[in-house]
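Beneath this line is the structure, given in structure tokens, with notes to follow.
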Amino acid sequence: MPPMMRRFAVLLPGLLLVLLLAACTQSTEPLVVEDYLLGTVIRISIHDDGYDTSLTDRVFERVATIERRMSTSEDDYDDTELLTVNRAPAGTATPVSADTFEVLSAALDYSRVSDGAFDVTIWPLVKLWGIGSGGETVPPEGEITAARELVDYHDLTLNADGTVTLAREGMGVDVGAIAKGYAADEAERILRDAGVTSALLDFGGNILVIGSKPDDSPWRIGIQRPDAERSRYIGIVHTADRTVVTSGPYERFFVEDGVRYHHILNPDTGYPSRNGLVQVTIVAERSIDADALSTTSYVLGLTGAYDLIESIKGVEAVFATEERELFLTPGLQESDESPQNTTETHFELTDDEYQVREITAVTDR
Ligand code: AMP
Ligand code: MG
């Protein structure tokens, strides 16, 4: 046998085995389970073999516990830990669970880091506007001013004994910007502890992936267009072992006199934030960070947010502006060498109505 043929004959059984294994792994359908929690559809897709709904039930039970503790929706709950905190007379030290304390601590950290663009005490404004819970008109100016004055994270104290105190009457906390991220991290922990190595968690558009796809290629996470054509993607984040969280003005909003009023509020103005940014996607390791930072970035605007994200190691972002420009932090830019094959986390533009721009173009504005 010529040497070439001989090598082929030796390789053939191995090759067949690889093909066979590939066929086996690909024929297995993922376990996909959905539930409605935290005001959104949550879908868990486990791509490893051998798991059943007893595992996803545990995950959903954990998420339901988080919701029962931290919801501030008076439509859904008579009482939760955070409703109790918000209703307590000023100066009362209210006990909360370790869960709630941890989320409030993270939210307070982000309030500090963003100098109040993210403010965990946003509740009086959220309640006044009621966006997503029946609010459909702009509140009177005087009420906006009054609510705005009650928003100040300096007046929230997290006490060493695990209790929480708000300094002024009428104040309140809201973790709507961060709770989904915390819940996704908790879901990830439960799945990894059970041995899951390949899974996709979709918390109403907040995505978290465990490992890579069963064939070892990166997950491809589509980023929706921020405008009316939401069913289209502007691009795809290729990644593994990361979370991808997007904040935009379209999840909850109403329109009055042709103006869209959405659910991300600027604590300085008391109005929905408006600064030319229309969507922010954060890629990070922890979903609580990505969730907090997407909301924070949305309020900060492009230059402030870009600087903030650049200063945090391991966190990347895609910013979309009203002019259909996209700005990427360096860690998401495609490498010049064979961008299609790279396993590094990167963003691939797929919509030719959008343009990726260099951030230097922004600093001149
Ligand atoms: P997200 O969809 O993660 O961007 O979070 C939006 C939610 O965060 C809103 O529905 C409010 O509950 C809350 N929120 C709105 N504005 C702010 C803000 N400036 N700081 C903190 N939380 C906010
Ligand atoms: Mg958020």
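The values are calculated or read from the model by the stated rules, or taken from the named source; none is laboratory data. What you see is a predicted model, and the numbers here were worked out from it, not measured in a lab. Cβ placement follows ideal geometry from the backbone for every residue including glycine, while neighbour counts extend to all protein chains displayed. Calculation scope for accessible area: heavy atoms of the full protein, side chains included, ligands and nucleic acids excluded. Shrake-Rupley method; radii C 1.70, N 1.55, O 1.52, S 1.80 Å.
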Skipping prolines and chain starts, which residues have an amide H placed within reach, meaning under 5 Å, of the one on Thr92, given they are 5 or more residues away or on another chain? Leu166
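Using a Förster distance of 56 Å, how high is the FRET efficiency between Asp152 and Thr28, based on the Cβ-Cβ distance and rounded to 0.05?
On the way: r = 53 Å, r/R0 = 0.95.
Here the calculated transfer efficiency is 0.60.
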I'd like the Karplus ³J(HN,Hα) series for the stretch 205-221: coefficients 6.51, -1.76, 1.60, θ = phi - 60°, whole numbers in Hz, and an x wherever there's a Gly or Pro. x, 7, 9, 9, 10, 9, x, 10, 5, x, 8, 6, 7, x, 5, 10, 10
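Let me check something: with ligands and nucleic acids excluded, how do Phe60, Phe253 order by accessible area (1.4 Å probe), largest to smallest?
Values: Phe60 15, Phe253 85 Å².
Descending order: Phe253, Phe60.
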Among Leu300, Pro124, Ser247, pick out the residue whose Cα is farthest towards the positive end of the charge dipole of the chain, where Lys and Arg carry +1 and Asp and Glu carry -1 on C-beta, about the Cα centre. Ser247
Applied in sequence order to the stretch 155-171, the curve 6.51 cos²θ - 1.76 cosθ + 1.60 (Karplus, θ = phi - 60°) yields integer Hz couplings, x standing for Gly and Pro, of 8, 10, 10, 9, 7, 4, 8, x, 9, 10, 10, 9, 7, 10, 4, x, 6
Which of Thr269, Thr72, Thr94 moves most in a GNM of the chain, Cα contacts under 10 Å? Thr269
Relative contact order (%) - the chain, alpha-carbon pairs under 8 angstrom, separation at least six: 15 percent
Quick one: with all protein chains in place, what share of the accessible area of the chain is carbon or sulfur, to the nearest percent (1.4 Å probe)? 51 percent
With x for Gly and Pro, the residue-by-residue ³J(HN,Hα) of the stretch 81-91, computed from phi through the Karplus equation 6.51 cos²θ - 1.76 cosθ + 1.60 at θ = phi - 60° and given in whole Hz, is 4, 6, 5, 5, 4, 5, 8, 5, x, 3, x
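Can you tell me the dipole magnitude for the chain around its Cα centre, using point charges on the Cβ only (Lys, Arg +1; Asp, Glu -1), in Debye to the nearest 20?
Values: 29 positive and 62 negative charges, 162 e Å.
Charge dipole, the chain, about its Cα centre: 780 debye, nearest 20.
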So what is the 222 nm mean residue ellipticity for the chain from helices alone, if each DSSP H run of at least 4 adds -39500 (n - 2.57) and you divide by all residues, rounding to the nearest 500 deg cm²/dmol? -10500 deg cm²/dmol
Between the stretch 109-150 and the stretch 174-219, the alpha-carbon center distance in angstrom: 29 Å
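Quick one: order Tyr36, Tyr354, Tyr261, Tyr51 from most to least accessible surface, probe 1.4 Å. All intermediate terms of the calculation are to be shown ahead of the outcome.
Details: Tyr36 145, Tyr354 10, Tyr261 35, Tyr51 65 Å².
From most exposed to least exposed: Tyr36, Tyr51, Tyr261, Tyr354.
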Average Cα contact separation per residue, the stretch 205-340, under 8 Å, 6 or more apart, as relative contact order %: 19 percent
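Accessible area, 1.4 Å probe, largest first: how do Asp52, Asp307, Asp257, Asp289 sort?
Working: Asp52 85, Asp307 105, Asp257 145, Asp289 30 Å².
Most to least solvent-accessible, the answer reads Asp257, Asp307, Asp52, Asp289.
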Cα-centre dipole for the stretch 79-166 with unit charges at Cβ (Lys and Arg positive, Asp and Glu negative), debye to 20: 80 debye
Just Arg260, Arg286, Arg112 to compare: in a GNM of the chain, with alpha carbon springs under 10 Å, which one fluctuates most? Arg260
Would you kindly find the accessible area of Ile46, with a 1.4 Å probe and non-protein molecules such as ligands, DNA and RNA excluded, rounding to the nearest 10 Å²? 0 Å²
Output the relative contact order of the stretch 79-166, whole-number percent, from Cα pairs under 8 angstrom with separation of 6+ residues. 41 percent
Quick one: accessible surface of Asp57, probe radius 1.4 Å, all protein chains present, in square angstrom to the nearest 10. 90 Å²
For the stretch 79-166: accessible area per residue (Å², 1.4 Å): 43 Å²
Springs between alpha-carbon atoms under 10 Å, Gaussian network over the chain: tell me which of Ala88, Ala317, Ala98 tops the mean-square fluctuations. Ala98
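Please give the length that would be gained between Ser311 and Asp57 if that part of the chain were fully extended, namely 0.36 nm times their separation in residues minus their C-alpha to C-alpha distance (nm, one decimal).
Working: separation 254, 0.36 × 254 = 91.44 nm, distance 3.83 nm.
Taking Ser311 through Asp57 to full extension adds about 87.6 nm, to one decimal.
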